[in-house]
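Trainee: Dumping the structure here so I can ask a few things about it.
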Amino acid sequence: MAAGIIDGKAIAQQVRSEVAEEVAAWVGAGHDRPGLATVLVGDDPASAVYINGKQKASAEVGIEGFDHRLPVDTSHDEVERLLEDLNDDPRVSGILLQLPTPPQVDGGALTEIISPAKDVDGLTPISAGLLAKGRPGLRPCTPAGVMELLRRHDVALEGAEAVVVGRSDLVGKPVATLLLAANATVTTCHSRTRDLAEVCRRADVLIAAVGRPHLVQGDWVKEGAAVIDVGINRTDAGLTGDVDFAAAATRARLITPVPGGVGPMTIAMLLRNTLQAARSQAGEPAWS
Ligand code: NAD
């Protein structure tokens, strides 16, 4: 079987167009433009590229950007004060603190002071708690992007065996929780899992979020499975995922490439979260 390729770039573009239309309707109805504040401490080139991408994408869909770039020697307390100001600023619907931060700035602790209503990265304990309890809230962007890819390809999740490899707070855990909420039977694997290959072979839906090139081999994939590769690994051969794509594609029904699969979805879902945050803050229905 030759797998269908899930075109994350095209789906991300669709989501971005939808957000642009919804922002236009929102502003047309007399609401303030949603605002996204990004905070970057230091001059790490990779982080700067991410922030540029997020600000550019915001502008394209009509979200107002507040682009805060602080010198590398900014103190923890200064960043904290900025985040508090942004929490109080009614023009700002969503706040994103770019990680990692320089050593004197405790990025993990600062993420937790972001107002849950503005937590468009979905990483605060309140957002994680709402997700765990199945309550509406802002979901982490990459996991939300994984679910969107599955949804737009009509992948049946109810009663399906879903296996998530990786249990990070950023990807693995929230993906597993979202799959559970969609009534899949979910197994979460990690570095101590015994016989990972055997567990993966059960999966109707296999999600790899590890950060090890080609960890998931072709014969770990069940015939007809949907395979979502979150991994981004920089190797001598270029960017690769956690799945041996060529081998897995001979068995899967659907599979994401790397690059061009999950990656583009993260910013698209950030834009959607920012609009949802603006709606929610205005007391309007925000969650579908
Ligand atoms: P992480 O390092 O925080 O977590 C990795 C997880 O993999 C851990 O839970 C660990 O237990 C598990 N693991 C490690 N070795 C394993 C092994 N041999 N077998 C089974 N499990 C193993 O990483 P993360 O932040 O969750 O990111 C995972 C990957 O996804 C990375 O490649 C990252 O670059 C990528 N990523 C992509 C996006 C995107 O597409 N936008 C966003 C976030 C992360």
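Trainee: For residue 132 and residue 194, FRET efficiency with R0 = 22 Å and r from the beta-carbon atoms, rounded to 0.05?
Mentor: Working: r = 26 Å, r/R0 = 1.17.
E between residue 194 and residue 132, to the nearest 0.05, is 0.30.
Trainee: When the accessible area of the chain is split by element with a 1.4 Å probe, what percent falls to carbon and sulfur? All intermediate terms of the calculation are to be shown ahead of the outcome.
Mentor: Working: 6900 of 13340 Å².
Within the chain, the accessible surface is 52 percent carbon and sulfur.
Trainee: If the cut-off is a Cα-Cα distance under 13 Å, which aspartates and glutamates reach residue 54, setting aside same-chain residues fewer than 8 apart in sequence?
Mentor: Straight-line reach from residue 54, under 13 Å: 64, 67, 121.
Trainee: Along the positive direction of the dipole of the chain (beta-carbon charges: Lys, Arg +1; Asp, Glu -1; about the Cα centre), which of 288, 182, 197 reaches farthest?
Mentor: So the residue furthest toward the plus end is 197.
Trainee: Could you give the angle, 0 to 90 degrees to the nearest 10, between helix 263-281's Cα long axis and the longest principal axis of the Cα atoms of the chain?
Mentor: 40
Trainee: While we're on this one: Report the residues of segment 57-94 in range of a label on residue 284: point 7 Å along Cα→C-beta, backbone N strictly under 17 Å from it.
Mentor: Under cut-off, by backbone N: 61-64, 90-94.
Trainee: Moving to a separate point now. With runs of 4+ DSSP H residues as the only contributors, calculate the mean residue ellipticity of the chain at 222 nm using -39,500 (n - 2.57) per run, divided by the residue total and rounded to the nearest 500. Before the final figure, lay out each step's value.
Mentor: Numbers: 10 runs with 115 residues, N = 288.
My calculation for the chain gives -12000 deg cm²/dmol from helical runs alone.
Trainee: Could you order the peptides 164-172, 38-46, 267-275, 68-76 from most to least packed, using the average number of other C-beta atoms within 10 Å per residue?
Mentor: On the way: 164-172: 21.2, 38-46: 17.4, 267-275: 26.2, 68-76: 14.4.
Packing order, densest peptide first, comes out as 267-275, 164-172, 38-46, 68-76.
Trainee: Something else: With the other protein chains left in place, how much accessible area per residue, in square angstrom, belongs to the chain at a 1.4 angstrom probe?
Mentor: Value for the chain: 46 Å² per residue.
Trainee: Would you mind checking the tilt of helix 8-28 against the longest principal axis of the Cα atoms of the chain, expressed as 0 to 90 degrees and rounded to 10?
Mentor: The angle comes out near 30 degrees.
Trainee: Under a straight-distance cross-link criterion of Cα-Cα below 17 Å, which lysines are reachable from residue 56, leaving out those fewer than 8 residues away in the same chain?
Mentor: Cα-Cα hits under 17 Å: 9.
Trainee: Antiparallel DSSP bridges in the chain: what percent, to the nearest 5?
Mentor: On the way: 3 of 32 bridges.
Approximately 10 percent, going by the DSSP bridge assignments.
Trainee: Using the basic label-point model (7 angstrom from Cα toward the beta carbon), what is the residue 32 to residue 219 distance in nanometres?
Mentor: About 6.0 nm separates the two model spin labels.
Trainee: If you don't mind, another one. Return, ordered by residue number, the residues of segment 22-52 whose backbone nitrogen is under 13 Å from a label point located 7 Å along Cα→Cβ of residue 89.
Mentor: What the label zone holds, given the 13 Å backbone N cut-off, is 35-40.
Trainee: Average projected area of the Cα convex hull of segment 1-110, in nm²? Don't skip to the end; give the middle numbers.
Mentor: On the way: hull surface 37.3 nm².
Spelled out: convex hull of the Cα atoms, projected over all directions, averaged, 9.3 nm².
The values are calculated or read from the model by the stated rules, or taken from the named source; none is laboratory data. Source: prediction; values computed, not measured. In this analysis, Cβ positions are derived from the backbone assuming ideal geometry, glycine residues included, and neighbour counts consider all displayed protein chains. Side chains included, ligands, DNA and RNA excluded: accessible areas come from the protein's heavy atoms. Shrake-Rupley method; radii C 1.70, N 1.55, O 1.52, S 1.80 Å.
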